[in-house]
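Data first, discussion second: the structure below is written as structure tokens.
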2 protein chains.
Amino acid sequence: MRYLLSEDQMPTAWYNVGPALPEPLQPQLHPATREPVGPDDLAPLFPMALIAQEVSADPWIDIPGEVLDILRLWRPTPLVRAERLERALGTTARIYYKDESVSPAGSHKPNTAVPQAFYNKMEGSKRLATETGAGQWGSALAFACRQYDLECKVYMVRASYDQKPYRRILMEAWGGEVVPSPVDDPESPGSLGLAISDAVRDAVTREDTHYALGSVLNHVLLHQTVIGLEAKEQLALAGEARPDVVIGSCGGGSNLGGIALPFVSDADVRLVAVEPSSCPTLTEGTFEYDFGDAAGMTPLMPMYTLGHAFVPPSIHAGGLRYHGDSPIISSLVKTGRMEAVAYPQGKTFEAAVQFANTEGKIPAPETGHAIRAVIDEALAAKEAGEERVILFNYSGHGFLDLSAYDDYLHGRLIDA
Amino acid sequence: MRYLLSEDQMPTAWYNVGPALPEPLQPQLHPATREPVGPDDLAPLFPMALIAQEVSADPWIDIPGEVLDILRLWRPTPLVRAERLERALGTTARIYYKDESVSPAGSHKPNTAVPQAFYNKMEGSKRLATETGAGQWGSALAFACRQYDLECKVYMVRASYDQKPYRRILMEAWGGEVVPSPVDDPESPGSLGLAISDAVRDAVTREDTHYALGSVLNHVLLHQTVIGLEAKEQLALAGEARPDVVIGSCGGGSNLGGIALPFVSDADVRLVAVEPSSCPTLTEGTFEYDFGDAAGMTPLMPMYTLGHAFVPPSIHAGGLRYHGDSPIISSLVKTGRMEAVAYPQGKTFEAAVQFANTEGKIPAPETGHAIRAVIDEALAAKEAGEERVILFNYSGHGFLDLSAYDDYLHGRLIDA
């Protein structure tokens, strides 16, 4: 059963969780002075509107009409009750998923790419630079830039650039320019941290160019809250007073934040982050100030981290391979408001295939992490004989990740 | 602007165009005797329910509840007004598309795969055999078989099997068994006609197995009419009395039939088939009896054909590479009720990229053919200074066809 909203039921404001956090966020620090960063420090990278959102204390921030116009190409997204999965599990739980795979780029990423491109356009940028790992974020930004007639330069981790051409082509189809990173070392396979350094360097050295980040920062999670806000309305349509638990996969934290932040103030709702065992930032990292990139060019952020030099094994869920985590998500975990679990990738693909064989859709490997936790939660509910309402974020489809399924189905998956 | 229907507004009967055709269809003939085929001739291949649908004179045929249950995983599909494309063209036309790319397999094909699997299950089949070219149909049938717990064996044209592994993996993720065709000649690149022969041979030599076809036949087009039936309701929601022209790409004819057949009786509505110049069945073929496959094992069908030995160049729109055409579509073209146009593939990719850059979504190469005709129609309306309501079938997404875009974007496309 699918629960649909009409276009005029789309949220017209983003939810800013800042004022509702159990503890205020610590400030970001300048990488050289270690003093709190001010707007002027960030101005070479971001437009003022986004800098203001990054530190805003307003609980609601209006979504500009020009942004709504583009988001309505695919939003509101469906909320789906996964009845066939429920039956296969024989569970007493009711499972709902928010289908973010229906966007042009196939994931939740355009929810923030569009407003980021918009505010840059409004403040006179001609060009955006960014990094991408497997390509989910880069393709979302290329799509968004094309809508506002901005140039888009994407530094793509070289290993992905060489081995996974499909997302590069997607970016190019939307007019993006894609180069392998690191640009100064053609022998290096690259990493997300190195690619961030390349993109930041591009932005700070060109007057016409700003930088855009696809996760981690407060304004990125803010833009993703349309997911959870719509889900609240749709759960009401389904006759559910509230979810018992909200689940999302977590790399930098944006898809999880998008669905979970609107529920932070609902004390009875459990929030669960799911990460890979091979990059266990929240479950085994340390909460401390660290850089967002490998070269130490970004502000220092208060977050769980495995250290900015950490290079995770090359699992298929490229979007979850990040040494750090969103300060908002980190704060929620640190204060106990959010739980975190980690799974090896074999168990996540097992869950993804079970989902494909019942609900039909092929999930992205990142989304498979959330599904693993959902299935375990539903089985726990069955064990306990409890009704339990589970909501999760179906963050993206797996059409561009089928080689990972090939490895799994033919026993070639490294179960990191 | 998207026009959505709720699940209870989904059609509960298919529309059988047979009684409304300008001329009655000529019968299919037995390949050996050249006498009209009867139910017993077809029984080794198909369940009786589908054989009955193939020759039914009832204008409406109920959709079984068990089929509706699966179709509702993604149906009703959205009808979208392509306002950003309209603006880019500066046209006076209003362009609407029916988005069939939202199905689990990413195209319209599951609309018939599901009922075919269902009727086979009901009549005791344990296993279905089929052919697939690039893999759109094979993946749809693998998905459907998994929902009803049937085995699925897919004979995949060897050239695609070797060069395009992604759809093979998709079929395997849904539990399908995929082998390259022709099975008896590992040196041959194969063709759709040869693969049909392999699948038919499998079905007739195994008691537990039936055959399933993804296009051409009357019952296949029947199952696709949910597309046009929903579109009628949605156009009414949009305040349109009727479309002026309905457009679809045409290989075997199933996606075109799906959107166009419910409009056959509306005399003022133009119907347009769009095919590749390199496989110009309707625009340059002959109307005559011909086999559906290369080996001459299928019944003879009255249709436009380039001859069953015709091997089209290997353009990217694999779904449009078929020597023949649906008898229903052929009849509509022969009697003048439907128009047909042909385009070389370069112009279809130009249109597909324009669509991606305005509406956001990346179309399948097959769908790019329809979009080319839509853009030309919208420009003609602008030229004439006319309002014109254009409806087309967005038959599938291009996420698994990005290598074709790579060729186009980098000047490597053979403009056949």
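Descriptive notes on the structure:
- Selected residue (criterion: nearest to B:Asn120 (Cα to Cα)) from residues of region B:149-159 that are within 14 Å of chain A (Cβ to nearest Cβ) and open to solvent by less than 30 Å² (accessible area, probe 1.4 Å): B:Leu150
- Residue in region B:312-326 that is part of a strand (DSSP E or B) and either surrounded by 24 or more Cβ atoms within 10 Å (Cβ to Cβ) or of a type in the set (S, T, N, Q) (or both) present: no
- Selected residue (criterion: nearest to the other protein chains (Cβ to nearest Cβ)) from residues of region B:357-374 that are open to solvent by less than 10 Å² (accessible area, probe 1.4 Å) and under 20 Å from A:Lys109 (Cα atoms): B:Gly360
- Residue match in region A:383-398 (condition: surrounded by fewer than 24 Cβ atoms within 10 Å (Cβ to Cβ) and among the aliphatic types (A, V, I, L, M)): yes
- Odd one out for A:Phe399, checked against (1) in a helix (DSSP H, G or I); (2) within 12 Å of chain B (Cβ to nearest Cβ): (1)
- Residue among A:Ala231, A:Ala236 that alone is buried (at least 24 other Cβ atoms within 10 Å of the Cβ) and assigned to a helix (DSSP H, G or I): A:Ala231
- Looking only at region A:251-281, and only at residues there that are free of Cβ contacts under 8 Å to residues at least 60 places away in the same chain and of a type outside the set (Ser, Thr, Tyr), the one that is surrounded by the most Cβ atoms within 10 Å (Cβ to Cβ): A:Cys279
To keep it simple, each residue is scored yes or no on (1) more than 14 Å from every other protein chain (Cβ to nearest Cβ); (2) surrounded by fewer than 16 Cβ atoms within 10 Å (Cβ to Cβ); (3) part of a loop (DSSP other than H, G, I, E, B); (4) more than 22 Å from the chain's Cα centre (by Cα).
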| residue | (1), (2), (3), (4) |
| --- | --- |
| B:Pro11 | yes, no, yes, no |
| B:Pro27 | yes, no, yes, no |
| B:Thr33 | yes, yes, yes, yes |
| B:Leu50 | yes, no, no, no |
| B:Gln53 | yes, no, no, no |
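- Residues that are open to solvent by 40 Å² or more (accessible area, probe 1.4 Å) and assigned to a helix (DSSP H, G or I) within region A:13-25 comprise just one, A:Pro19.
- Top-ranked residue of region A:35-48 - restricted to ones that are in a helix (DSSP H, G or I) and exposed (fewer than 15 other Cβ atoms within 10 Å of the Cβ), ranked as modelled with the highest pLDDT: A:Met48
- Close pairs (7 angstrom Cβ cut-off, 6 or more residues apart or separate chains): closer than 16 Å to B:His223 by Cβ and among the acidic types (Asp, Glu) in region B:95-117, at pLDDT 95 or above and in a loop (DSSP other than H, G, I, E, B) anywhere: B:Glu100/B:Thr77; B:Glu100/B:His108; B:Glu100/B:Ser395
- Single residue of A:Leu192, A:Leu217, A:Leu141, A:Leu213 found to be within 14 Å of chain B (Cβ to nearest Cβ), of a type outside the set (Phe, Trp, Tyr) and either touching a strand residue (DSSP E or B) at 6+ places or on another chain (Cβ under 9 Å) or under 21 Å from A:His316 (Cα atoms) (or both): A:Leu141
- Residue in region B:284-304 that is modelled with pLDDT of 95 or more, out of contact with any Leu (no Cβ under 9 Å at 6 or more places or on another chain), over 22 Å from B:Glu366 (Cα atoms) and among the small types (Gly, Ala, Ser) present: no
- Of all residues in region B:89-112 being out of contact with any strand residue (DSSP E or B) (no Cβ under 8 Å at 6 or more places or on another chain) and within 11 Å of another protein chain (Cβ to nearest Cβ), the one that is surrounded by the fewest Cβ atoms within 10 Å (Cβ to Cβ): B:Val102
- Exclusive hit being open to solvent by 20 Å² or more (accessible area, probe 1.4 Å), in contact with a Gly (Cβ under 6 Å, 6 or more places away or on another chain) and either within 14 Å of another protein chain (Cβ to nearest Cβ) or acidic (Asp, Glu) (or both), set A:Arg146, A:Arg168: A:Arg146
- Condition broken by B:Pro189, with the remaining ones in (1) modelled with pLDDT under 90; (2) open to solvent by less than 20 Å² (accessible area, probe 1.4 Å); (3) of a type outside the set (S, T, N, Q) satisfied: (2)
- Taking strands (runs of 3 or more DSSP E) as the structural unit, those lying wholly within region A:128-224 and holding at least 2 residues that are closer than 27 Å to B:Tyr408 by Cβ correspond to A:151-157, A:177-181.
- Qualifying residue in region B:173-183 (condition: farther than 24 Å from B:Pro44 by Cβ, at pLDDT below 90 and either buried (at least 24 other Cβ atoms within 10 Å of the Cβ) or within 14 Å of chain A (Cβ to nearest Cβ) (or both)): no
- Residue within region B:195-218 that is without any contact (Cβ under 8 Å) to a residue 60 or more places away in the chain and buried (at least 18 other Cβ atoms within 10 Å of the Cβ) present: no
- Here region A:347-356 is the region considered, the condition is being more than 12 Å from every other protein chain (Cβ to nearest Cβ) and open to solvent by less than 10 Å² (accessible area, probe 1.4 Å), and the residue that is farthest from B:Leu71 (Cα to Cα) is A:Thr348.
- Those residues of region B:256-279 which are in contact with an Asp or Glu (Cβ under 8 Å, 6 or more places away or on another chain) and either in a strand (DSSP E or B) or closer than 19 Å to B:Ile315 by Cα (or both), in sequence order: B:Arg270, B:Leu271, B:Val272, B:Ala273
The values are calculated or read from the model by the stated rules, or taken from the named source; none is laboratory data. Every value quoted in this text rests on a predicted model; they were computed, and no experiment measured them. No Cβ is skipped: glycine too gets one built from the backbone with ideal geometry, and neighbour counts run over all protein chains shown. Surface accessibility is based on the protein's heavy atoms, side chains included, excluding ligands, DNA and RNA. Shrake-Rupley method; radii C 1.70, N 1.55, O 1.52, S 1.80 Å.
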